[in-house]
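So the structure is just underneath, and the comments pick up after that.
The values are calculated or read from the model by the stated rules, or taken from the named source; none is laboratory data. Keep in mind the model is a prediction, meaning the values are calculated, not measured. Here the Cβ is made from the backbone with ideal geometry for all residues, glycine too, and neighbour counts use every protein chain on show.
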Amino acid sequence: MIKRTKQKTMISCLKGRIILKKEKFVILETNGVGYKVFLSQKSLNSIEEEKNLEIFCYLNVKENALELYGFLNFEEMELFEVLNNIPGVGPKIALEISSFGSLKKLKEVIDKENDNVFKGISGIGRKKTQAIILELSGKIKEMEKKEKTIDNEAEMALVNLGFNRQKVKEALSKIPQEIKDTEEKIKEALKILGK
């Protein structure tokens with residue numbers, strides 16, 4: 001007798017044509033299969049029916065259903081995963097908040113708007129906003145510590161190559177936020193310093 005094991009299939013990315021666009025989701029046709037993918041309001045507003053789309057996906061496994069949540073970039077999906085693990089925040093709310101783009105961008109908006117940061121997002125009142133901000137503060141500190149370590153490593157390496165520390169700091173500040181790897185930061189900084 002062959003013993004069958006359950007396998008979890010993860011759909012991480014989809015590329016296809018939008019055959020239907022609704023208020024909260026799209027049907028994305030990929031190789032003859034139509035996938036229902038929930039998108040944030042911001043993402044839905046930026047795409048058109050009948051157009052091709054490439055999205056990152058998160059497969060939410062529920063007891064009685066499988067739901068796909070889509071993101072226009074990888075940073076949004078990373079933010080969604082952080083938010084989705086916060087108690088009291090479901091995937092629908094996490095999806096809308098993730099449209100801020102990244103944890104770093106969300107921190108900037110929280111610093112500026114504080115309790116009004118999620119104004120207009122259905123299902124989030126003042127108390128829930130405060131709870132989410134409190135939960136995120138630990139993650140933000142972790143992120144900042146990690147980023148500081150990466151920047152310090154890149155700075156040290158470039159100074160050891162003979163570059164002026166102040167010019168190195170200026171070059172590192174010009175590198176796009178998406179670049180998080182130390183080696184990549186060094187490569188990009190060398191391009192800037194070489195100009």
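Go through D151, D115 for me and flag whichever is in contact with a Leu (Cβ under 8 Å, 6 or more places away or on another chain), of a type in the set (D, E) and over 25 Å from K24 (Cα atoms). Working first, answer last.
On the way: D115 fails: in contact with a Leu (Cβ under 8 Å, 6 or more places away or on another chain).
Exactly one residue qualifies, and that residue is D151.
A single member of I86, I97, I27 is more than 24 Å from K180 (Cβ to Cβ) and out of contact with any Ser or Thr (no Cβ under 8 Å at 6 or more places or on another chain), and it is I27. Taking each residue of the stretch 69-83 that is farther than 11 Å from L39 by Cα and looking for partners that are in a helix (DSSP H, G or I) and not polar (S, T, N, Q) with beta-carbon atoms closer than 6 Å, six or more apart or interchain, yields L79/L103; F80/A94; V82/K139; L83/A94; L83/I97.
The set of residues in the stretch 92-116 being among the aliphatic types (A, V, I, L, M), free of Cβ contacts under 8 Å to residues at least 40 places away in the same chain and either buried (at least 20 other Cβ atoms within 10 Å of the Cβ) or within 13 Å of G70 (Cα to Cα) (or both) consists of I93, A94, I97, L106, I110. Go through the residues of the stretch 54-77 one by one and say whether even a single one is surrounded by fewer than 18 Cβ atoms within 10 Å (Cβ to Cβ), charged (D, E, K, R) and modelled with pLDDT under 90. The answer is yes; a qualifying residue exists.
Within the stretch 55-65, not a single residue is assigned to a helix (DSSP H, G or I) and within 18 Å of the chain's Cα centre (by Cα).
Residue by residue, here is whether (1) surrounded by 16 or more Cβ atoms within 10 Å (Cβ to Cβ); (2) under 27 Å from the mean Cα position of the chain (by Cα); (3) at pLDDT 85 or above holds:
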residue: S137; (1), (2), (3): no, yes, no
residue: K145; (1), (2), (3): no, yes, no
residue: M156; (1), (2), (3): no, no, yes
residue: V159; (1), (2), (3): no, no, yes
residue: N164; (1), (2), (3): no, no, yes
residue: K167; (1), (2), (3): no, no, yes
residue: P176; (1), (2), (3): no, yes, no
residue: L193; (1), (2), (3): yes, no, yes
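Residues of the stretch 31-54 that are in a helix (DSSP H, G or I) and either without any contact (Cβ under 8 Å) to a residue 12 or more places away in the chain or among the small types (G, A, S) (or both): S43, N45. The helices (runs of 4 or more DSSP H) located wholly in the stretch 71-167 that include 1 or more residues which are hydroxyl-bearing (S, T, Y) and not assigned by TED's automatic domain parsing to the domain that holds L59 occupy 91-98, 126-160.
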